[in-house]
Amino acid sequence: MFYEPKKKNHGLPKNPFNSLVIPRPIGWISSIDTEGNFNLAPYSFFNGVCYSPPTVMFSAGAGANSDNTKDSARNAENTGDFVCNMATWDTREQMNQSSATLPQDVDEIALTQLTPVKSRMVKSPRIAEAPVHLECKYLKTVELPGWNEKDVYKVIFGEVVGIHIDDEFITKEGLVDIAKIKPIGRLGYNDYTLTDLDSIFTLDRPA
Ligand SMILES: Cc1cc2nc3c(=O)[nH]c(=O)nc-3n(C[C@H](O)[C@H](O)[C@H](O)COP(=O)(O)O)c2cc1C
């Protein structure tokens, strides 16, 4: 089959695009607003984009706030930082719950009964239950135009200035034990994938 996204002529019951760029890592973004309220939400248009300095991005679509923004993007822009928490099998339910559309001042960390922990380099809190935290300083926003006026995307870039890895998940050889962490990734629709011992394989790079 072939279709042109703008014409929406795929003829399928659901838009297949989200099933075609997969699996997507989930940036579980914790942040703080100018009033000091905590915020937490998952973003799967999320990735690392370079090494030196380590830099990440997440892309927020139009949100329910009066200025059309989502809280995570607005907070990063207004307060200058955010934290990416790694979403895992153990926290999958809380991750999903934290995606609910809620008023700006609702703290999804408290709502999902997770534990906020002070960060070292940024004001945004970390989530104790996550095995990995990337403390990020806000770098810039790239706004991407959508198909209509309201359909604006804010791609938020942040420099990773502090990294926490729970020691429990570092092997005696000094590697990050991803099989033990069991990160989850986003597929299309409401489907997810799990990385564990059975799904990891190694390929040596050609010389
Ligand atoms: C697994 C998952 C991934 C998501 N990825 C995105 C995304 O990449 N961009 C986006 O705008 N919304 C995404 N959402 C929806 C947001 O999490 C949701 O709109 C949330 O309410 C935003 O919260 P905030 O306003 O507190 O930032 C995702 C939801 C889930 C469950």
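General remarks:
- Scanning segment 130-157 for residues that are free of Cβ contacts under 8 Å to residues at least 40 places away in the same chain and farther than 20 Å from A62 by Cβ turns up nothing.
- Only one of R186, R120, R92 that is more than 17 Å from the chain's Cα centre (by Cα) and not acidic (D, E): R120
- Filter result (assigned to a loop (DSSP other than H, G, I, E, B), more than 18 Å from the chain's Cα centre (by Cα) and not charged (D, E, K, R)) within segment 105-114: V106, Q113
- Residue check, V160 in contact (Cβ under 8 Å) with a residue 12 or more places away in the chain, more than 16 Å from the ligand (Cβ to nearest atom) and either under 18 Å from the mean Cα position of the chain (by Cα) or assigned to a loop (DSSP other than H, G, I, E, B) (or both): yes
- Residue selected from segment 109-125 under the condition surrounded by 23 or more Cβ atoms within 10 Å (Cβ to Cβ) and closer than 18 Å to I156 by Cβ, by the criterion farthest from the ligand (Cβ to nearest atom): V122
- Enumerated strands (runs of 3 or more DSSP E) restricted to segment 18-75, each holding at least 3 residues that are within 10 Å of the ligand (Cβ to nearest atom) and more than 16 Å from V160 (Cα to Cα): 38-43
Every number in this text was worked out from the coordinates using simple rules, so none of it is lab data. Bear in mind that the values here come from a model prediction, so they are computed numbers and not experimental data. Here Cβ is always computed from backbone atoms with ideal geometry, including for glycine, and neighbour counts include all displayed protein chains.
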